[in-house]
Amino acid sequence: MAKTRAKLAGSTGQKATATGKGRIASKAKPTGRAGQALEVGHDAAGLRARLLSWYGANRRDLPWRRTKDPYAIWISEIMLQQTRVAVVVERYQAFLGRFPSLQSLACAQEEEVLAVWSGLGYYRRARMMLKAARLMTEQQRSNLPAGAEELRKLPGIGAYTAAAIASIAFGETVAVVDGNVERVLSRLQGWGFADGQSEAALTRKIEELAGRLLDPAQPGDFNQAMMELGATVCLPRNPQCLVCPLATDCRTKGEHAMAKRAPMVSREAAHALAVRKGRHDGREVLLEQRPATLTVMPGLWQLPELRQSDVPEGELRMTVRHAIMQVNYSVRIRTVVEGDVEALTLAGGERRWVPLGEAAGMALTGLARKVLTRAQLLTEATADAIALRNGGDVG
Ligand code: SF4
């Protein structure tokens with residue numbers, strides 16, 4: 001499943017997002033008469049009309065498309081970076097239920113925000129959001145500033161996130177280019193790496209074209225329509241050209257030559273699943289907090305790591321596949337009784353025996369949450385109950 005947000009690094013003085021990857025923003029330079037300055041060779045007004053009409057009829061009903069609240073759009077845009085739409089749909093409403101306004105987010109403890117963010121990965125995004133929310137409330141703001149320029153001054157908001165918020169929430173004429181839009185425009189024009197041009201040169205051309213194609217009357221809808229077309233029709237593999245509203249404008253009508261991506265690396269890991277009867281009631285699981293000094297997932301709670309990655313067949317509880325950035329992990333999970341914990345696990349950060357009901361509301365690593373859920377120790381019902389207890393709307 002394609003991640004939704006972006007791969008290009010900015011090339012015309014615009015920097016990539018906090019994640020190092022991102023969409024590009026490009027100020028619109030509307031053409032004079034429709035079609036004049038566009039290389040697509042077709043009239044721009046017709047292309048805009050076809051795309052917007054298709055979007056009106058086919059767009060997915062996603063919760064963040066039912067609001068113009070800049071705060072809610074900001075939350076959705078940050079979540080959508082590097083995370084699948086299906087996962088964001090699940091987490092977006094719970095997050096807004098718990099933190100419905102800029103003020104409520106700014107007042108929250110980091111641990112609390114990370115717990116509600118749990119499952120979305122790339123926790124730096126949540127920390128930067130909290131930092132930005134606190135900064136805005138210090139500046140006496142009740143919501144995000146209007147305009148891409150001002151938005152870009154906030155922590156964690158790069159050029160493309162600023163452009164997305166500015167165009168969708170405030171109607172600013174600034175084009176957004178994510179990996180999806182880049183693909184659509186490259187194919188429309190018949191551009192690709194086979195032409196021998198550098199990635200930077202291609203990026204510049206796409207960015208400039210995006211700015212010229214943007215509909216100045218409906219920039220937010222146009223940006224979303226382009227991204228939607230790339231996400232649902234002009235797919236990386238097997239694009240659905242027969243149902244594409246831009247087929248008459250397109251010079252490729254199929255896949256195009258793309259830059260080679262860094263290959264995924266495979267690694268193995270092994271963790272302990274230690275569960276005991278609780279002191280008072282129910283069961284407790286042993287969790288370990290990752291040191292704050294780590295660059296990856298600092299402060300999150302994980303299952304203790306085993307000394308030996310080889311787990312005897314009879315001791316194997318499950319094997320889980322888990323991807324973190326460019327690494328595909330095959331993780332063996334071994335059930336460990338309390339008395340064997342010290343002998344079998346590596347000393348890591350601070351450890352705690354945590355009641356299962358409490359674990360659901362903690363800032364767990366994605367892997368820990370996956371294992372506990374799969375072991376039926378952390379059911380969705382428990383997670384929902386915690387969210388509701390905290391004031392969340394999980395609907
Ligand atoms: S015609 Fe095909 S390749 Fe061209 S934009 Fe549409 S889906 Fe993409």
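What follows draws every value from the coordinates through simple rules; no lab data is involved. Just so it is clear, the structure is predicted and the values come from calculations on it, not from any experiment. Don't worry about glycine lacking a Cβ; one is built from the backbone with ideal geometry, like all the others, and counts go over all protein chains shown.
Some observations on this one:
- For region 324-337, the Karplus equation 6.51 cos²θ - 1.76 cosθ + 1.60, evaluated at θ = phi - 60°, returns couplings of 10, 6, 8, 10, 9, 9, 10, 10, 8, 10, 10, 6, 10, 7 Hz by residue, with Gly and Pro reported as x.
- Projected label distance in nm at Ala292 and Arg307, using a 7 Å step from Cα toward the beta-carbon: 3.1 nm
- Close amide-amide hydrogen proximity is noted between Ala375 and no other residue 5 or more places distant or on a separate chain, at a cut-off under 5 Å (H modeled in the peptide plane; Pro and chain starts excluded).
- Over 30 Å apart at the Cα level, from the set Lys153/Lys205; Lys68/Lys131; Lys153/Lys253; Lys68/Lys253; Lys205/Lys253, are Lys153/Lys253; Lys68/Lys253.
- Backbone geometry of region 74-86 corresponds, through the Karplus equation with coefficients 6.51, -1.76 and 1.60 at θ = phi - 60°, to 3J(HN,Hα) couplings of 4, 4, 5, 5, 5, 5, 6, 5, 6, 10, 5, 4, 4 Hz, x marking Gly and Pro.
- Top positive-direction residue, dipole computed over region 72-212 with Cβ charges, set Ala166, Val116, Ala133: Val116
- What the Cβ-Cβ distance of Glu255 and Ala200 gives, at R0 = 22 Å and to the nearest 0.05, is a FRET efficiency of 0.50.
- You can think of it this way: the chain between Arg66 and Arg141 has 24.7 nm of extra reach, that is 0.36 nm per residue less the Cα-Cα gap.
- Close amide H contacts of Leu364 (hydrogens built in the peptide plane, cut-off under 5 Å, sequence separation of 5 or more or a different chain): Trp301.
- Simple label model, 7 Å out from Cα along Cβ direction - Ser266 to Thr248, nm: 4.9 nm
- The order of Val327, Val177, Val89, Val354, going from fewest to most other C-beta atoms within 10 Å of their C-beta, is Val327, Val89, Val354, Val177.
- Charge context of Pro304, other residues only, Cβ under 9 angstrom, K/R +1, D/E -1: -1
- Those GluC sites (Glu not before Pro) in region 304-366 that DSSP places in a loop and that have at most 15 other beta carbons within 10 Å: Glu350
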